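Okay, so here's the structure we're looking at.
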Amino acid sequence: MSNFLQCPYEKSHQILEARMQFHLIRCRRNHPNARKGVCPFNVTHIFNEAELEFHLKACPDRVKHDNYCNVDKAPTKPTTPPPKPEYVSTENWDDEPPVPSYNPTEYARNAPVLRSLSGAKPSDRKKFRQEERVRLRNRLDYDK
């Protein structure tokens with residue numbers, strides 16, 4: 001069975017608990033002069049102003065609020081950072097034999113790969129393509 005609640009503004013209204021917040025907004029507009037107070041811990045708790053003070057002391061949602069506010073006041077055990085491991089490397093890059101650096105342009109010029117020229121004038125690109133055809137043809141003839 002669904003859990004119905006009674007509207008604090010109109011006793012004849014029986015509202016599903018899940019719909020109570022939406023109903024209260026509409027019903028509050030219909031009763032603008034009602035002397036009701038709203039619980040700061042849960043907006044669905046609406047009481048007569050005389051009963052509100054008692055409710056604030058006994059509100060079940062107050063516990064959640066107090067726990068949230070008092071998180072910093074709880075005693076905590078001081079934490080110590082974990083010890084840092086001492087790393088000793090046996091590798092020294094300065095002891096490596098010198099190696100020439102890699103030049104991709106130089107490699108592509110000597111390898112049988114298709115290159116393209118971008119960002120140049122059309123006449124320069126055409127000249128570059130012709131030179132590439134000659135270079136690749138000579139390279140392929142050389143490999144035979």
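All of the numbers you see were taken from the coordinates with simple rules; none came from a lab. Here the structure is a predicted model, which means the values were calculated and not measured. Glycine gets a Cβ as well: all are built from the backbone with ideal geometry, and neighbour counts include every protein chain shown.
Structure values in brief
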read-out: Whole-Hz couplings from phi, Karplus 6.51/-1.76/1.60, listed for the stretch 21-34; x for Gly and Pro; value: 4, 5, 5, 4, 4, 6, 5, 5, 5, 6, 10, x, 9, 5
read-out: Dipole magnitude (debye, nearest 20) for the stretch 1-93, charges at Cβ of Lys, Arg, Asp, Glu; value: 480
read-out: The chain: calculated mean residue ellipticity at 222 nm from DSSP helix runs of at least 4, using -39500 (n - 2.57); value: -12500 deg cm²/dmol
read-out: Reciprocal mean inverse distance between Cα atoms of the chain - Kirkwood radius, Å; value: 25.3
read-out: The stretch 1-99: chymotrypsin sites (Phe, Trp or Tyr not before Pro) in DSSP loop, at most 11 other beta carbons within 10 Å; value: Tyr87
read-out: GNM result for the chain, Cα springs below 10 Å: residue of Pro112, Pro97, Pro85 fluctuating most strongly; value: Pro112
read-out: Charge-dipole axis of the chain as Lys and Arg at +1 and Asp and Glu at -1 on Cβ define it, positive-most pick from Thr80, Gly37, His55; value: Gly37
read-out: Cut-off 17 Å, label 7 Å out along Cα→Cβ of Ala18, residues of the stretch 24-56 by amide N; value: 24
read-out: Hz values of 3J(HN,Hα) by residue in the stretch 47-62 - Karplus curve (6.51, -1.76, 1.60), Gly and Pro given as x; value: 10, 4, 4, 5, 8, 5, 4, 5, 4, 4, 6, 10, 5, x, 7, 5
read-out: Alpha-carbon centroids, the stretch 29-83 and the stretch 97-137: separation in whole Å; value: 74
read-out: DSSP-loop GluC sites (Glu not before Pro) across the stretch 1-55, with at most 14 other Cβ within 10 angstrom; value: Glu10
read-out: Two-site label geometry, Asn138 and Tyr87: point separation in nm, points 7 Å out along Cα→Cβ; value: 5.0
